[in-house]
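This report refers to the structure that appears directly beneath it.
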Ligand SMILES: CC(C)(COP(=O)(O)OP(=O)(O)OC[C@H]1O[C@@H](n2cnc3c(N)ncnc32)[C@H](O)[C@@H]1OP(=O)(O)O)[C@@H](O)C(=O)NCCC(=O)NCCS
């Protein structure tokens with residue numbers, strides 16, 4: 001089978017990817033926190049339409065509307081000073097009715113959009129709260145902490161096909177109402193018996209910006225400066241290292257997203273809710289534009305097997321056409337399959353590479369390729385570093401490689417330029433002068 005026979009269709013690939021994710025998520029609970037800054041935007045109805053579509057496809061949606069801006073606006077309108085200590089609002093008895101009005105208005109806006117899409121949302125008193133009391137001499141008044149969520153009632157509603165909505169209000173056992181943080185409501189839902197599969201925080205931020213931050217090891221930012229992926233440890237480390245350098249609102253979101261993962265949610269996402277299609281991309285592809293914190297190992301490197309050959313050919317095909325990789329057939333790959341590793345995300349191959357043992361001293365790194373849409377997220381570096389570790393384990397002393405278009409990239413992984421004469425046999429004798437690849441070398 002020649003590589004040219006594997007014509008690819010981007011649309012078919014995208015559909016296949018969606019099928020895979022749908023299988024995985026149907027019947028799962030997603031907690032969706034929607035910041036109120038989105039509600040009055042003309043694009044908000046499109047976001048709700050996508051969320052209702054997820055609901056129709058069998059994903060069980062719980063919505064937590066944030067009300068911070070609405071509360072600020074209403075307090076300002078009635079000349080009530082809004083006081084915050086360490087980012088936490090102090091709610092006095094006079095402010096509480098205004099807070100309730102703002103929270104209800106926000107939830108009503110969400111309900112209205114659900115109705116416009118023929119979905120039924122239900123609001124209720126399912127958040128048990130208690131007073132924050134007095135801390136370090138500061139009386140927080142009617143600001144409360146979330147004590148627990150009545151998850152059994154929320155579950156019953158989900159079973160009935162409703163979309164539960166939990167505003168930022170909670171009640172104590174005596175029926176006293178408190179103003180609670182919606183991020184806390186969302187993370188309490190995530191810690192409940194609902195077994196939440198995903199926490200989505202939809203705001204105006206397109207994720208966590210790396211600008212001005214000290215990044216933990218292994219964390220890379222995408223070309224637009226957004227950190228796309230963080231393990232739980234990296235997220236914790238990012239928060240610890242950077243403290244106030246992360247704006248308060250984002251720090252609050254990030255720490256609650258992290259907490260939800262620590263409490264068992266496999267993935268939490270911080271996404272710009274108004275960026276067209278961002279929620280769908282985040283859920284149904286492995287290349288979302290926001291920031292994902294993940295508790296499970298969603299990306300892994302493993303040895304390739306013969307089953308992978310069609311996908312490997314598909315991945316390399318574009319680069320073979322661009323002459324970035326030497327042409328290889330399925331038979332060529334099959335003959336060396338034990339040398340190949342693949343970088344897999346959610347069961348889909350997005351990168352590959354090979355280490356060919358040439359002698360007891362020399363190894364050759366070859367066939368490094370990363371899916372065009374996954375580029376600049378650290379996959380290429382992970383693949384090459386894995387192959388270098390393999391070379392070390394095999395006792396090899398030196399590595400070589402030939403490249404036409406990545407000569408500027410390999411030096412960041414410790415490679416330096418060499419000449420054809422530096423190459424070991426049989427690479428030197430087989431060197432294709434017409435192709436004129438650059439020679440790169442590295443000690444192991
Ligand atoms: C080279 C390649 C493997 C890099 O993969 P990747 O997953 O994007 O790499 P990483 O995310 O680890 O690194 C990305 C960084 O390298 C830079 N980079 C990517 N490809 C580059 C190239 N060909 N030349 C110079 N720099 C490059 C990116 O701009 C980015 O820079 P930044 O960190 O400053 O933003 C990928 O572009 C590829 O598949 N290229 C075609 C195949 C090829 O040439 N293979 C080598 C022959 S064996």
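Only the coordinates and a few stated rules stand behind these numbers; no lab work does. Owing to the predicted nature of the structure, the values given are computational and were not obtained by experimental measurement. Neighbour counts run over all protein chains shown; Cβ positions are idealised from the backbone, glycine included.
Observations on the structure shown:
- Taking every DSSP beta bridge that has both ends in the stretch 3-296, the antiparallel portion is near 40%.
- Cα-based helix-to-principal-axis angle, 379-393 vs the chain, degrees rounded to 10: 50
- Helix axis angle, 44-56 relative to the chain longest principal axis, alpha carbon, degrees: 80
- Listed peptides 65-75, 408-418 by packing density, highest first (mean Cβ within 10 Å): 65-75, 408-418
- Estimated FRET transfer efficiency (residue 195, residue 326; beta-carbon r; R0 51 Å; 0.05): 0.60
- Full extension of the chain between residue 263 and residue 108 gives 52.8 nm of extra length, using 0.36 nm per residue less the Cα-Cα distance.
- Sorting 27-34, 122-129, 12-19 by average packing, meaning the other beta carbons within 10 Å per residue, from highest down gives 27-34, 122-129, 12-19.
- Cβ-Cβ FRET estimate between residue 389 and residue 306, R0 fixed at 22 Å, reported to 0.05: 0.40
- Geometric descriptor of the stretch 345-398, per residue, is 78 Å³ (volume of the convex hull of the Cα atoms).
- Over every Cα atom in the chain, the radius of gyration and the widest Cα-Cα span, Dmax, amount to 26.3, 86 Å.
- Relative contact order of the stretch 112-234: 21 percent, from C-alpha pairs under 8 Å at least 6 residues apart in sequence.
- Helix axis angle, 68-77 relative to the chain longest principal axis, alpha carbon, degrees: 40
- Mean separation of Cα contacts under 8 Å, 6 or more apart, over the residue count of the stretch 300-443: relative contact order %: 20
- Burial ranking of peptide ranges 272-285, 39-52 (average Cβ count within 10 Å, highest at the top): 272-285, 39-52
- Taking the stretch 3-296 and dividing mean pair separation by its residue count, relative contact order in percent (alpha carbons under 8 Å, at least six apart): 20
- Annotation for the stretch 101-177 versus the stretch 267-341: alpha-carbon center distance of 40 Å.
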